[in-house]
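Below is one structure, written out as structure tokens, with a few remarks after it.
Derivation of every value follows stated rules applied to the coordinates shown; laboratory data play no part. Keep in mind it's a predicted model, so treat the numbers as computed, not measured. Counting neighbours? That spans all protein chains shown, and the Cβs are built from the backbone with ideal geometry, glycine included.
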Amino acid sequence: MEEQITYKPGLNGVIAAETCLSYLDVDAEEIVIKGYDLIELAQSVLYIDLIHLFLQGSLPTEQEQVSLEKELVQAYHLPSDILAILKQLPHTTHPMDALRTSISTLASYDEQLDIHNEVETRQKTIHLLAKIPNIVANSYHILHNKQPILPREDLAYSTNFLYMITGHVPNEREAAIFDQSLMVYSEHEMPNSTFTARVIASTNADIYGALTGAVASLKGNLHGGANEAVMYMLLEGKTVDGYRNLLYNKLQQKEKVMGFGHRVYMKKMDPRAALMKEALRELATEKGEAEIFEMCEAGEQIMKEEKGLYPNLDYYAAPVYYLLGIPIPLYTPIFFAARTLGLSAHVAEQQQNNKLFRPRVRYTGPRGLHP
Ligand SMILES: CC(=O)SCCNC(=O)CCNC(=O)[C@H](O)C(C)(C)COP(=O)(O)OP(=O)(O)OC[C@H]1O[C@@H](n2cnc3c(N)ncnc32)[C@H](O)[C@@H]1OP(=O)(O)O
Ligand SMILES: O=C([O-])CC(=O)C(=O)O
């Protein structure tokens, strides 16, 4: 007898893989990351510690943290051809597209490209984590006819990332908030981009291909692209009243409001958004930008009352990045840079216990036609 298979549009609720990396426990309001609560991690450790957690299976000692940082620093520099390719791109290129091209190009410089064992994938992950912030920041400078800002080896990993973007060393709180944003963006179970990467890796394709596909997926505004869209929306609103009117108009036109809703926590606040909301409150106060916080809260209220929807991470990460002085087209590339950690871990997990992804369809077309 043929097995009864249920079709779920968008694979909603379907279990697509087994993983020991992360799990969204919606009832417990916990994002489980290798046994830890992501929010607790983000409040107590650093992004570099998460790198260690994913690559070595445990949080690092101080000594382990220092040697991991050194390993990353040694891999910071990009093949000069990558910068040359970035210079060839039309200046209208979005940094996500420049990133897609660059990650794809990195494959050509890996002499062990098709070796997928644990040691090699770890090595590739270190290189990707070291190089992607450099690509993200400098694609933007190059596309704007500016000189690249070289990585600074004396700065901590995430401080250096923010430095390469803005050209100045952030103060301690700015650096900490940026680091926290990288942590909350680092891994999130099975979003579209992670599924994409795992599907690609399942053919035995290389990690660069898997991540190139993931960049393409993350760019869309139903996924990572929403953070940039949120910021453009806030700027269009200008004031609390202007923003309120904008949102009511969007809802009246049956438009989606970016930064709200989530496939897994549609009717609850994304716990990561709550953390970034507090970061925004702090930055807005410190920088005398209270109105942006008030606008965000007003939007949150309207969406709750009118649609029963809550903010996702992108809603509060966007204004945080704005107050950190980050150019808007870099918001989604930064999301990707942070997610490189989770994506690489998923690719490694897929490689270690591979089964080709190849689902079936429910056919809705005609039959019995003849030429
Ligand atoms: C970090 C991240 O990547 S989080 C996601 C970032 N993306 C966004 O913020 C984009 C805006 N949000 C959305 O489009 C959706 O909430 C998604 C894509 C995140 C999840 O979508 P799905 O699970 O496929 O649900 P779907 O889009 O079908 O929405 C269900 C219902 O809620 C409504 N809805 C969902 N999100 C929104 C929104 N942001 N604004 C207005 N209405 C919304 C839909 O219109 C739909 O209503 P209907 O049943 O009357 O047609
Ligand atoms: O989980 C999702 O579908 C999207 C998301 O929030 C993320 O990738 O961080």
>> Please list log₁₀ I(q)/I(0) at q = 0.11, 0.12, 0.14, 0.21 Å⁻¹ for the range 226-323, using the Debye equation with identical point scatterers on the alpha-carbon positions.
In response: -0.27, -0.32, -0.44, -1.03
> Can you sort D49, D314, D241 so the residue with the fewest Cβ neighbours within 10 Å comes first?
Replying inline: D241, D49, D314
> P(r) for the range 80-193: what percent of alpha-carbon pairs falls in each 10 Å bin, starting at zero?
Replying inline: 12, 37, 38, 12, 0
>> Report the rotationally averaged projected area of the range 167-296 based on its alpha-carbon convex hull, in square nanometres.
In response: 10.1
>> Quick query: amide H of S22 versus all other amide H atoms, modeled in the peptide plane; which residues come in under 5 Å with a sequence gap of 5 or more or a different chain?
In response: K34
> Looking only at GluC sites (Glu not before Pro) in DSSP loops with at most 13 other Cβ atoms within 10 Å, what is the longest site-free stretch of the chain?
Replying inline: 256-371
> Of I5, I292, how do they rank once you tally other Cβ atoms within 10 Å and put the fewest first?
Replying inline: I5, I292
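Sequence gap at least 6, Cα distance under 8 Å: using those rules, report the relative contact order of the chain to the nearest whole percent.
Contact order relative to length: 22 percent.
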>> Suppose R0 equals 45 Å. What FRET efficiency, 1/(1 + (r/R0)^6) with r the Cβ-Cβ distance, do T239 and N145 give to the nearest 0.05?
In response: 0.85
> Any idea which of Q252, L275, L323 is furthest toward the positive side of the dipole for the range 226-323, if Lys and Arg beta-carbons carry +1 and Asp and Glu beta-carbons -1?
Replying inline: Q252
> Rg to Rh ratio, the range 313-371, alpha-carbon atoms and Kirkwood radius?
Replying inline: 1.32
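Under Stokes-Einstein, with the Kirkwood radius over Cα pairs standing in for Rh, what whole-number D in µm²/s applies to the range 225-272 at 25 °C and 0.890 mPa s?
Values: Rh = 11.7 Å.
Rounded, D is 210 µm²/s.
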> What size of dipole, in debye to the nearest 20, comes out for the range 226-323 about its Cα centre when the only charges are +1 on Lys and Arg C-beta atoms and -1 on Asp and Glu C-beta atoms?
Replying inline: 500
> What value, in deg cm²/dmol to 500, does the helix sum -39500 (n - 2.57) over DSSP H runs of n ≥ 4 give at 222 nm once divided by the residues of the chain?
Replying inline: -18500 deg cm²/dmol
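Across the chain, where is the longest run that never hits chymotrypsin sites (Phe, Trp or Tyr not before Pro) in a DSSP loop with at most 11 other C-beta atoms within 10 Å?
Longest gap between qualifying sites, sites excluded: 8-362.
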> If each residue's Cβ is checked for other Cβ atoms within 10 Å, how do L50, L89 rank with the fewest at the top?
Replying inline: L89, L50
> So how many Å³ per residue does the convex hull of the Cα atoms of the chain work out to?
Replying inline: 188
> Which ³J(HN,Hα) values in Hz, rounded to whole numbers, follow from the phi angles of the range 270-276 under the Karplus curve 6.51 cos²θ - 1.76 cosθ + 1.60, where θ = phi - 60° and Gly and Pro get x?
Replying inline: 4, x, 5, 5, 4, 5, 5
> Can you work out ³J(HN,Hα) from phi for every residue in the range 12-23, in order, using Karplus 6.51 cos²θ - 1.76 cosθ + 1.60 and θ = phi - 60°, giving whole Hz and x for Gly and Pro?
Replying inline: 4, x, 6, 7, 9, 6, 9, 8, 10, 8, 7, 7
> Tell me, what is the FRET efficiency for L89 and Q352 to the nearest 0.05, using R0 = 41 angstrom and their Cβ-Cβ distance as r?
Replying inline: 0.70
